1. Name the residues in the range 69-90 that are within 16 Å of the chain's Cα centre (by Cα) and either at pLDDT below 90 or not in a helix (DSSP H, G or I) (or both), would you?
2. Do the conditions hold for residue 100, that is, is it at pLDDT 95 or above and not in a loop (DSSP other than H, G, I, E, B)?
3. Tell me which residues, restricted to the range 3-24, are within 19 Å of residue 55 (Cβ to Cβ) and surrounded by fewer than 17 Cβ atoms within 10 Å (Cβ to Cβ).
4. Taking the conditions exactly as written (at pLDDT 90 or above, under 19 Å from residue 3 (Cβ atoms) and more than 18 Å from the chain's Cα centre (by Cα)), does residue 52 satisfy them or not?
5. Only one of these conditions is not met by residue 51: (1) closer than 23 Å to residue 100 by Cα; (2) not in a loop (DSSP other than H, G, I, E, B). Which number is it?
6. Tell me, please, whether a residue that is at negative phi, modelled with pLDDT under 90 and assigned to a helix (DSSP H, G or I) can be found in the range 33-43.
7. So which residues in the range 33-42 are over 16 Å from the mean Cα position of the chain (by Cα) and either closer than 13 Å to residue 62 by Cα or surrounded by 17 or more Cβ atoms within 10 Å (Cβ to Cβ) (or both)?
8. Please specify each residue of the range 66-87 satisfying the condition of being farther than 26 Å from residue 38 by Cα and loosely packed, with under 11 Cβ neighbours inside 10 Å.
């Protein structure tokens, strides 16, 4: 269940972070509510994930996957582009998440 909770936390974080720009510094009600509720949802499910996944491993996965997904959404929604070094860096982040999940015994405890 820890992995399912972590996936839910990542989804919540990506949605909440995606709405931060639209909230315009928390001056727009609906986007601000999405941000606040989204982060509440995120931290609730992240806390549940931490019952079975070590905090360092969970945070590495959460932040790494979140960075990549937010960058994809920013590209699609806000037309923000990334240069080659940024793409390479994100590729390395994804590689790190894969190494943790596929090869680390720490992820299993």
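1. The one that is within 16 Å of the chain's Cα centre (by Cα) and either at pLDDT below 90 or not in a helix (DSSP H, G or I) (or both): 90.
2. Working: at pLDDT 95 or above: no; not in a loop (DSSP other than H, G, I, E, B): yes.
Judged against the criteria, residue 100 is not a match.
3. Going residue by residue through the range 3-24, those that are within 19 Å of residue 55 (Cβ to Cβ) are 3-10, 12-13.
Listed by number, the residues that qualify are 3, 4, 7.
4. Working: at pLDDT 90 or above: yes; under 19 Å from residue 3 (Cβ atoms): yes; more than 18 Å from the chain's Cα centre (by Cα): yes.
So residue 52 fits the description; yes.
5. (2)
6. First pass over the range 33-43, keeping only residues at negative phi: 33-43.
Filter once more, keeping what is modelled with pLDDT under 90: none.
Looking through the range 33-43, none of the residues is at negative phi, modelled with pLDDT under 90 and assigned to a helix (DSSP H, G or I).
7. Initially, the range 33-42 is screened for residues over 16 Å from the mean Cα position of the chain (by Cα), giving 33.
Once the filter is applied, which keeps residues that are over 16 Å from the mean Cα position of the chain (by Cα) and either closer than 13 Å to residue 62 by Cα or surrounded by 17 or more Cβ atoms within 10 Å (Cβ to Cβ) (or both), the range 33-42 yields nothing.
8. Correct list: 83, 84, 85.
The values are calculated or read from the model by the stated rules, or taken from the named source; none is laboratory data. Computed from a prediction, not measured in an experiment: that's the story for all the values here. Heads up, the Cβs are rebuilt from the backbone with ideal geometry, glycines too, and the neighbour counts pull from every protein chain shown.
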